[in-house]
There are 2 protein chains.
Amino acid sequence: MILVNGVETNHIPVNDRGFQYGDGLFETIEVVDGQPVFLEQHLVRLGSGCLRLNIPRPNIQQITDEIYYVCKNSKQAVLKIIITRGAGGRGYRQPETVHPTRVISLHPFPEYPNAHSEQGIVAHICNARLGLNPALAGIKHLNRLEQILARAEWDDPTVQEGIMLDINDHVIEGTMTNLFYVKDDIIYTASLQSTGVAGVMRGIIAKLLPEHGCKLIEHEYGKEDLLSADEVFVCNSIIGIWPVKQIEGVSFSVGKLSNQLQGWLAQLKEKAHSYAL
Amino acid sequence: MILVNGVETNHIPVNDRGFQYGDGLFETIEVVDGQPVFLEQHLVRLGSGCLRLNIPRPNIQQITDEIYYVCKNSKQAVLKIIITRGAGGRGYRQPETVHPTRVISLHPFPEYPNAHSEQGIVAHICNARLGLNPALAGIKHLNRLEQILARAEWDDPTVQEGIMLDINDHVIEGTMTNLFYVKDDIIYTASLQSTGVAGVMRGIIAKLLPEHGCKLIEHEYGKEDLLSADEVFVCNSIIGIWPVKQIEGVSFSVGKLSNQLQGWLAQLKEKAHSYAL
């Protein structure tokens, strides 16, 4: 089912600025038993993205009602929300009054083997680079050509994710995930000041780690730091946490921290779920 | 009138990758007496953009027929062509078989006063920066949030264009134009190796200048070079050439080269037009 501004349809107007310029934002949310998981965190990020792009924020009651309407009866699915600056004339200048477009759609949950979260995945290092622009860094906006170029680099079904560097050779994230590594019991991830997407799951992990006495450092780092790590994992709202067992022939031990984190995350989801029901 | 894959409609499917990710390209073309001006150059650029993004190129006969169908009976208008990677599932990976979406639409020609091309315009220097990514540099793709943020910076109707620097403080282009400056009878413009849009009008000017014995240098340059120029002008396919008379309080003499170029351009358009008729 797809709702566009509250109406069930599969289409949007050609003159929507989302289509004309990628002028908008999106969220991708796991749905379990009709409940969107970590919905509050996703709506907070959506709102802060709207603020940064100066798109009027959606009415929380209205969008929440629509989200629950679309999710109801769904055992497990992926919910996608798109907010754009709405219809506009030709040209970059926004209309005097902006009426944002709100698209809420439900998609099948991808069938990932359990082995991905238990034994870890193989990752490729992409040639496609992330450009640098602090004004857009962190925002989950609709300008995604860099990720598309990166994801087009491999077809090998044994490779589950591509790791992207920025144009200055700093390691940033996966094409669809955020990336963490562990070295001497300290956890590191990219700081995302100049590029990258500040994932909701990344934010949840950044809260979980100190709560469990683990030290997380956000910094700039290179491929050598990553490849000499003790442990590596990727995350997003759909996959949760996947340990990385191999990057370009270099193997990593799987699980000491990743498995702990998966457990903490499962507890958090369980708690949120019982509360929601 | 809007044609989507040859069919008259105002809508596209929500799952079009142009809407989901800005996964596509566009062209903006002047139409005079039913004739799209410099159509061949626009189709060549569109094709080379498709090649770089690995989107199947449109069938030239088909798209040309559609373009002429949409333009017929139009005295003066703006034609916009959008090519996207077509419908796709959720996720950055492209479908196994790509069926591009082709949107051809006609828009009113903007009513710019003659003074813009005769006496010159006032330009603002934008705070919004252009990010750097050689893989996307030059392509007129649908990821245009940077231009949108820049264009939102001013409302003053006496300011006609915003000049954008990249994140390394190099001057690149206008929000909707390419930018040239003249110093000691040599013409300079940004090289667009790492960012920017390689406009069709920029390409035409780059051919016209040496044909008329003028020297053009593409290089990296800063705001100080621009502000100490003898003459400055901006260009695109719709406005042609506008001299810049003032940038942030600094005035420039208008017209020595800009007026010559406008004349050479008019001759070229006249020649192309008589040929087309």
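Taking every residue in A:136-146 and counting other chain Cβ atoms within 10 Å of its Cβ, the average works out to 6. Placing one equal scatterer on every Cα of the range B:32-74 and applying the Debye formula, the log10 ratio I(q)/I(0) at q = 0.13, 0.22, 0.32 Å⁻¹ is -0.31, -0.74, -1.10. Here A:TRP154, B:TRP242 are placed in order of increasing Cβ neighbour count within 10 Å, fewest first, which gives A:TRP154, B:TRP242. Amide hydrogen proximity for B:GLN246: with H placed 1.01 Å from N in the peptide plane, the residues at 5 or more positions away or on another chain lying under 5 Å are B:ILE121, B:ALA123, B:PHE252.
Shielding of peptide A:86-94 by partners, expressed as the average count of other chain Cβ atoms within 10 Å per residue Cβ, is 5.
Find the Rg to Rh ratio for chain B, where Rh is the Kirkwood radius over alpha-carbon pairs and Rg uses the same atoms.
Using only Cα positions, Rg/Rh for chain B is 0.97.
Using the Cβ of A:LYS140 as centre and a radius below 10 Å, the other residues enclosed give a net charge of +1, where K and R count +1 and D and E count -1.
For every other residue with a beta carbon closer than 11 angstrom to the beta carbon of B:LYS223, add +1 if it is Lys or Arg and -1 if Asp or Glu, then tell me the sum. Charge balance in the 11 Å sphere: -4.
Given +1 at the Cβ of Lys and Arg, -1 at the Cβ of Asp and Glu and no other charges, the dipole of chain B around its Cα centre is 880 debye to the nearest 20.
Residues A:LYS80, A:LYS271, A:LYS183, ranked from the fewest to the most other C-beta atoms within 10 Å, line up as A:LYS271, A:LYS183, A:LYS80.
Taking springs between alpha-carbon atoms closer than 10 angstrom, which of B:ASN168, B:ASN178, B:ASN259 fluctuates most in the Gaussian network model of chain B? Evaluated over chain B, the most mobile residue of the options is B:ASN168. Our coupling estimate for the range B:137-142, obtained by passing each phi through the Karplus curve with A = 6.51, B = -1.76, C = 1.60 and θ = phi - 60°, is 4, x, 6, 8, 8, 8 Hz, Gly and Pro reported as x.
Amide H contacts for B:LYS183 (H built 1.01 Å from N in the peptide plane; partners 5 or more residues away or on another chain; cut-off under 5 Å): B:TYR188, B:ASP230.
Pairs of Cα atoms under 8 Å, at least six residues apart: use those to get the relative contact order of chain A, whole percent. Once normalised by length, the contact order is 18 percent.
Taking Cα centre as origin and charging only the Cβ of basic (Lys, Arg, +1) and acidic (Asp, Glu, -1) residues, the dipole magnitude of the range B:2-108 rounds to 340 debye. Near the amide H of A:GLY196, within less than 5 Å, lie the amide hydrogens of A:GLY138, all on another chain or at least 5 residues away, with H placed in the peptide plane. A P(r) calculated from all alpha carbon pairs of the range B:87-149, with 10 Å bins opening at zero, reads 12, 23, 38, 17, 9, 1 percent. With the charge dipole of the range A:69-190 set up from +1 on Lys and Arg Cβ and -1 on Asp and Glu Cβ about the Cα centre, the Cα lying farthest toward the positive end among the listed residues A:TYR92, A:PRO134, A:LEU149 is that of A:TYR92. Rg/Rh for the protein assembly as shown stands at 1.00; both radii use Cα atoms, and Rh follows the Kirkwood definition. Each Lys or Arg adds one and each Asp or Glu takes one away; over the other residues whose Cβ falls under 15 Å from the Cβ of A:GLY34, this sums to -1. With the charge dipole of chain A set up from +1 on Lys and Arg Cβ and -1 on Asp and Glu Cβ about the Cα centre, the Cα lying farthest toward the positive end among the listed residues A:LEU165, A:VAL103, A:GLN76 is that of A:VAL103. Sorting A:ARG17, A:ARG45 by the number of Cβ atoms found within 10 Å of their own Cβ, with the fewest placed first, yields A:ARG45, A:ARG17. Computed as a quarter of the hull surface, the mean projected area of the alpha carbon convex hull for the range B:114-274 stands at 9.3 nm².
The calculated 222 nm mean residue ellipticity attributable to helices in chain B amounts to -9000 deg cm²/dmol, summing -39500 (n - 2.57) over DSSP H runs of n ≥ 4 and dividing by all residues.
No lab work stands behind these numbers, since they all come straight from the coordinates. Since we're looking at a predicted model, the values are computed, not measured. Note that we place each Cβ from the backbone using ideal geometry, even for glycine, and neighbour counts take in every protein chain shown.
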